[in-house]
Amino acid sequence: MGLAAGVFLALPVLAEPPAEPVRLEELRQAYQAEVAGKASPVLQKYREELLKLERACAGRRDYTAAAAVRDERLRTEKKLAEWARRSPEQAVLRPYPGGPITLTAKEATSSGGVVFSKDKDALDGWKSKDASATWTLPFPLKAGGYQVVLEMACAPGSGGKITIKEDFHTLTRTITPTKGWDDFTSQTLGTLRVKANATGLKMAALTVEGDGLFLLRAVKLVPTSEAPPP
């Protein structure tokens, strides 16, 4: 039977395939990572100022204020850790996976005549009691004991005594000379107590003998649970 005049068979219209929808979660994560990367330096500075204020309050025995500042610091550290997970390639504070920590001479901030020598790949100029170097510690950092191991060289007749300090605890030791200024060896000084999420490590000269304290290439902090037996 034929179709009546004027009546047409409706055929389906083939539309263009829909564009792939934007994945909201991916977009959100990318945005949060960018924000974290840009804001982390500001939040890190805030954390350092909080730590200074906490110690100042504790120093004048205002423990109520110190506790309030500590709580704010802990909240700030939690936010920093969260941002570091979202944007590890941009974060100022990269998540620390654990294990030994190596702080190199090149990474140090020095004062009192101490300078980084490219030729020796070491901190040189430890000539006075004003000589010191500081390093930023990784975050987050577990509390506990860490063996302090120096990669250093020191000629007989030279050396002296140093202090190694994190935010709260201090280790004082005497440097044992090596066979000469070109004889770099590892010297274990002892165990330093480290507070949870300590921000920095400072090494300072107490006494200097002969031609200088030492040439320092690196400081290694080894958790006592992972340190080899003596």
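Coordinate-derived values only; no laboratory data. All figures in this text were calculated on a predicted structure; none of them were measured in a lab. We place every Cβ from the backbone using ideal geometry, glycine too, and count neighbours over all the protein chains shown.
Tabulated data for the structure shown
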item	result
Long-range HN-HN contacts of Lys142 with modeled amide H, under 5 Å	Asn197
Ordering of 154-167, 209-222 by packing [mean C-beta count within 10 Å, highest first]	209-222, 154-167
Segment 189-202 - phi-based ³J(HN,Hα) in whole Hz, Karplus 6.51/-1.76/1.60, Gly and Pro as x	8, x, 9, 9, 6, 10, 6, 4, 6, 4, 8, x, 10, 10
Distant-in-sequence amide H partners of Gly190 (H built 1.01 Å from N, under 5 Å)	Val148
Whole-Hz ³J(HN,Hα) from phi, Karplus 6.51 cos²θ - 1.76 cosθ + 1.60, for segment 156-167, glycine and proline x	x, x, 10, x, x, 10, 10, 10, 10, 10, 9, 4
Amide hydrogen neighbours beyond the local backbone of Gly200, cut-off 5 Å, H modeled	Leu137, Asp167
Qualifying trypsin sites (Lys or Arg not before Pro) for segment 98-157 [loop in DSSP, other Cβ within 10 Å: at most 16]	Lys118, Lys120, Lys127, Lys129, Lys142
Calculated from backbone phi, Karplus (6.51, -1.76, 1.60) coupling profile of segment 111-124 in Hz, x at Gly/Pro	8, x, x, 7, 9, 8, 9, 5, 4, 9, 6, 8, 7, 10
